[in-house]
Structures are given as structure tokens and as C-alpha cells.
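Peer 1: Okay, here's the structure, questions in a sec.
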Amino acid sequence: MFYVYAISSIEKNYIYVGLTSNFEERLKRHNGLREKTTKPYAPFKLLYLEEAKTRLEARNREKYWKSAIGKENLRYLRDSK
């Protein structure tokens, strides 16, 4: 099982989209400052999580969420909470 996720920085205007097979561990890595890409934007809260059966399916969904329309939908989701 794979997971596509979006996390939002609590302090800055930043949304990160990724995929993993172990979401809990991955979120700990992001919030533990162990990921170079997201380190300056920590801490994070979960914005969106979706399951995929295959890595290919997860990669296609990740591409969507990283696209302009996907990011726009994530910003809307973040701002409506």
C-alpha cells in the first residue's frame, strides 16, 4: 500500500506533496527536520492523505496534486479549515 499526502507548514505559506509506503514515519522525518527539502518550513500538519494500491497509481495521483490545479485545491482545503 502506498500513500499520497499533502502537509502544510504551520508557520509559513508552504504545502508539500509526496508519496510513501509508511506515512507515519515520513511525517516524523518531516517534523524532525530530517528532510532537506522541507526542513526550513517545519513544523507541519497533515492536510490530505490518500491510499493507492500500486506505486504507479500513487505516482499519478502525486503528479495531480503537484500540478497547478491540484495545488490550488490544496490551498483551498487549507484555507477553508
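Peer 1: Only residues in the range 53-77 that are over 19 Å from Ser21 (Cβ atoms) count as the first member; pair them with residues that are among the hydroxyl-bearing types (Ser, Thr, Tyr) and at pLDDT below 95, Cβ under 9 angstrom, at least 6 apart or cross-chain, and list the lot.
Peer 2: From residues that are over 19 Å from Ser21 (Cβ atoms), there are no pairs.
Peer 1: Given the residues Glu62, Glu35, Glu50, which is the only one that is surrounded by 14 or more Cβ atoms within 10 Å (Cβ to Cβ), touching a helix residue (DSSP H, G or I) at 6+ places or on another chain (Cβ under 8 Å) and at pLDDT 95 or above? Break it down into steps so the answer makes sense when it comes.
Peer 2: Working: Glu62 fails: touching a helix residue (DSSP H, G or I) at 6+ places or on another chain (Cβ under 8 Å); Glu35 fails: at pLDDT 95 or above.
On inspection, the qualifying residue turns out to be Glu50.
Peer 1: Can you tell me which residue in the range 14-32 is farthest from Ala52 (Cα to Cα), limited to those that are free of Cβ contacts under 8 Å to residues at least 60 places away in the same chain and touching a helix residue (DSSP H, G or I) at 6+ places or on another chain (Cβ under 9 Å)? Don't jump to the end; show me each part of the working.
Peer 2: Filtering the range 14-32 down to residues free of Cβ contacts under 8 Å to residues at least 60 places away in the same chain leaves 14, 16-32.
Those left that are additionally touching a helix residue (DSSP H, G or I) at 6+ places or on another chain (Cβ under 9 Å): 14, 16-21, 30.
Details: Tyr14: 24, Tyr16: 18, Val17: 15, Gly18: 13, Leu19: 10, Thr20: 10, Ser21: 10, His30: 21 Å.
My answer is Tyr14.
Peer 1: Here's something else I'd like to know. Can you tell me which residue within the range 1-26, out of those that are of a type in the set (A, V, I, L, M) and surrounded by fewer than 18 Cβ atoms within 10 Å (Cβ to Cβ), is nearest to Asp79 (Cα to Cα)?
Peer 2: Going through the range 1-26, the residues of a type in the set (A, V, I, L, M) turn out to be 1, 4, 6-7, 10, 15, 17, 19.
If we keep only those that are surrounded by fewer than 18 Cβ atoms within 10 Å (Cβ to Cβ) as well, we get 1, 10.
Working: Met1: 29, Ile10: 12 Å.
Among residues in the range 1-26 that are of a type in the set (A, V, I, L, M) and surrounded by fewer than 18 Cβ atoms within 10 Å (Cβ to Cβ), the one nearest to Asp79 (Cα to Cα) is Ile10.
The values are calculated or read from the model by the stated rules, or taken from the named source; none is laboratory data. The structure presented is a predicted model; accordingly, all values stated were derived computationally and were not measured. Note that each Cβ is placed from the backbone with ideal geometry, even for glycine, and that neighbours are counted across all protein chains shown.
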